[in-house]
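Peer 1: So that we are looking at the same thing, I have put the structure below in structure tokens.
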Amino acid sequence: MEQVYYAGLDIHKKIIAFCIKQADGTIVAEGKIDANRKALKQWAESTPGPWIGAMEATIFTGWVYDFLKPYARQLQVGNPLMMKAITAAKKKNDKLDARTIADLVRCNLLPCCYMAGEEMRDLRRVLRYRNLLVRQAVRMKNRMATLLMETGQEYNKKKLHGAKYFRELLEKLSDVPESFKEILQMSRGALELFESCQKRLLKGLVNNEVLRERVQRLMSIQGVGEVTALSWALEIGDVQRFSSIRKASSYCGLCSAQVESGGKITRMPLSKQRNKHLQSVLIEAAKLAPLYNQELADVYNKEQQRGNNHNQATITVARKLVAFLLAVDKSGKAFVKKAEKQAA
């Protein structure tokens, strides 16, 4: 019978602690290597035989996972929140962490998390960077308005960020030093750079062959635009991993945490264990979607009639939006309105 080894990797920025064990728990090798591709290749090629590896999900896990996958018989990534509870100990260091991870994968107790494909993760990185540029552009707009208010300058809030109006405003500014005008011009330049970059990134994502058809199907839902559809497709990844709307809503951070003790159930605020990128996009979309989608508008109005405030009604709309997105994505068919279904 072929001997299979089990490797636990504790990954950090500069070093990777490793531990290789046999099926009975005997340590075959352990130590530390530099966190670079050359050292990792030498280590992978020097393993005593076929091996199954595991590591904790961190910011550094992606490239290590992609690099080692061809060398391993199987490679797994552990959920850090669940591993934290399992591996809680009085004494903790890199060597012990690597040993513990090796034991978890050896005993088939590793709480695995979903690992999207390399291409999907690359596209997701682009989308998140685009969203960062949008946030920076908003901050720059707010800063420009603040500068004008600090010096008592009058301006039209709606037209402030138009190119023509901004040039005219600079010419009319009075009783301000030249350095103030330079700051405004620099802010305007940064704003234009942020906006042009995010538009270019968004255009590249929308036209991507891998995403084009999927995004178009998701956009068949009234109130779902390009950014919402892209965020859903890239952050969710394989939609078949969600067996129910409840699980998808929980992943999106639209469910409150639950604490049960002695038969008493207490509902807490929205859970922090979520995909924060998808949560923010869905909540923003839920604020505008009722304007374009009558079914979502009915959901919003119904919640308000129950006495719920705007924020609670928006969360309910976001949950309904998740149900629509999940149904369309799983079926592979365009969205059909409720009235059209009944007519058919």
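Bear in mind that the values in this text are calculations on the coordinates, not laboratory data. Just so we're clear, the structure is a prediction, and the values are computed from it rather than from any experiment. Cβ: placed from backbone, ideal geometry, glycine included. Neighbour counts: every protein chain shown.
Peer 1: Specify which residue in the list F166, L296, V206 is farthest towards the positive end of the charge dipole of the chain, using unit charges on the beta carbon of Lys, Arg (+1) and Asp, Glu (-1), about the Cα centre.
Peer 2: Positive-end residue among those listed: L296.
Peer 1: Okay, moving on. I need to check one value: relative contact order of the stretch 5-106, counting alpha carbon pairs closer than 8 Å and at least 6 residues apart, in percent.
Peer 2: 37
Peer 1: Take the Cα gyration tensor of the stretch 89-141, multiply each eigenvalue by 5, square-root it, and list the three semi-axes largest first, rounded to whole angstrom.
Peer 2: After diagonalising the Cα gyration tensor, the semi-axes are 38, 18, 8 Å.
Peer 1: Any chance you could run the full-extension gain for K330 through L96? It's 0.36 nm times the residue separation minus the Cα-Cα distance, nm to one decimal.
Peer 2: 80.0 nm
Peer 1: Right, next: Show that you can apply the helix-only estimate: for the chain, add -39,500 (n - 2.57) for every DSSP H stretch of four or more residues, divide by all residues, and state [θ] at 222 nm to the nearest 500.
Peer 2: One gets -17500 deg cm²/dmol as the mean residue ellipticity at 222 nm.
Peer 1: Still on this structure: Report the calculated FRET efficiency for V206 and R73 (r = Cβ-Cβ distance, R0 = 41 Å), to the nearest 0.05.
Peer 2: 0.60
Peer 1: Further question on the same structure: The list [x] 42, 25, 20; [y] 40, 26, 20; [z] 45, 30, 21 gives values of semi-axes √(5λ) of the Cα gyration tensor in Å, and only one came from this structure; which label was calculated from it?
Peer 2: The value matching this structure is [z].
Peer 1: Residue by residue, what Karplus-based ³J(HN,Hα) values in Hz, rounded to whole numbers, does the stretch 233-247 have, using 6.51, -1.76 and 1.60 with θ = phi - 60° and x for Gly and Pro?
Peer 2: So the Karplus estimates, Gly and Pro as x, are 4, 7, 7, 6, x, 7, 5, 5, 6, 9, 7, 8, 5, 4, 5 Hz.
Peer 1: Moving to a separate point now. Rounded to the nearest 0.05, what FRET efficiency do Q42 and I15 have when you use their Cβ-Cβ distance and R0 = 25 Å?
Peer 2: On the way: r = 14 Å, r/R0 = 0.58.
Approximately 0.95, to the nearest 0.05.
Peer 1: Determine Rg/Rh for the stretch 180-309; Rg is computed over alpha-carbon atoms and Rh is the Kirkwood hydrodynamic estimate from the same atoms. Mind dumping the intermediate values first?
Peer 2: Working: Rg = 19.2 Å, Rh = 17.8 Å.
With Rh from the inverse mean 1/r over Cα pairs, Rg/Rh is 1.08.
Peer 1: Still on this structure: Straight-line reach only, C-alpha to C-alpha below 16 angstrom: list the aspartates and glutamates that K181 could link to, leaving out same-chain residues fewer than 8 apart.
Peer 2: E150, E154, E168, E171
Peer 1: Among L40, Q74, L325, flag the residue with its Cα farthest along the positive direction of the charge dipole of the chain, charges on Cβ as +1 for Lys/Arg and -1 for Asp/Glu.
Peer 2: L325
Peer 1: Multiplying the sequence separation of M186 and M268 by 0.36 nm and subtracting their Cα-Cα distance, what value in nm do you get?
Peer 2: 25.0 nm
Peer 1: Roughly how many nanometres apart are two label points built 7 Å out from the Cα toward the Cβ at N301 and L147?
Peer 2: Once both label points are built, they end up 4.6 nm from each other.
Peer 1: Sorting W43, W232 on the 10 Å Cβ count, fewest up front, what's the list?
Peer 2: W43, W232
Peer 1: Given 10 Å bins starting at zero, what is the percent of C-alpha pairs of the stretch 119-206 in each, up to the one with the largest pair distance?
Peer 2: Reading the bins upward from 0: 15, 43, 23, 14, 5, 0.
Peer 1: Between T26 and K287, what's the calculated FRET efficiency when r is the beta-carbon distance and R0 is 56 Å? Round to 0.05.
Peer 2: 0.45
Peer 1: Points 7 angstrom from Cα along the Cβ direction at F60 and N108: gap in nanometres?
Peer 2: 3.1
Peer 1: Another question, then. At each listed q (0.13, 0.19, 0.21 Å⁻¹), what is the log10 of I(q)/I(0) that the Debye formula gives for the stretch 5-106 modelled as equal alpha-carbon point scatterers?
Peer 2: -0.39, -0.87, -1.09
Peer 1: Give the cross-link partners of K91 among the lysines, using a straight C-alpha distance below 20 Å as the criterion and excluding same-chain residues fewer than 8 apart.
Peer 2: Counting by Cα, and skipping residues close in sequence, K91 has these lysines nearby: K32.
Peer 1: Can you tell me the relative contact order of the chain? Whole percent, Cα pairs under 8 Å, sequence separation 6 or more.
Peer 2: Working: 417 pairs, mean separation 41.7, N = 344.
Here the relative contact order equals 12 percent.
Peer 1: Give a residue-ordered list of calculated ³J(HN,Hα) values for the stretch 90-107 (Karplus: 6.51 cos²θ - 1.76 cosθ + 1.60, θ = phi - 60°; whole Hz; x for Gly, Pro).
Peer 2: So the J values, rounded to whole Hz, are 5, 10, 9, 8, 4, 5, 5, 5, 5, 5, 5, 4, 4, 5, 4, 6, 5, 8.
Peer 1: Can I ask one more? Strictly over 29 Å apart at the Cα level, which of K164/K276; K14/K92; K13/K141 would you flag in this model?
Peer 2: K164/K276; K13/K141
Peer 1: Within the chain, what's the longest run with no GluC sites (Glu not before Pro) in a DSSP loop and at most 12 other beta-carbon atoms within 10 Å? Give the range, please.
Peer 2: 3-153
Peer 1: At 7 Å along Cα-to-Cβ for each site, give me the label-to-label distance between S280 and A116 in nm.
Peer 2: 1.6
Peer 1: Right, something else. Taking the Cα centre of the chain as the origin, how large is its charge dipole in debye, to the nearest 20, when only Lys and Arg (+1) and Asp and Glu (-1) carry charge on their Cβ atoms?
Peer 2: Using only the charged Cβ atoms, the result is roughly 580 debye.
Peer 1: At a Cα cut-off below 16 Å, give the lysines reachable from K337, other chains included and same-chain residues fewer than 8 away excluded.
Peer 2: Partners within reach: K320.
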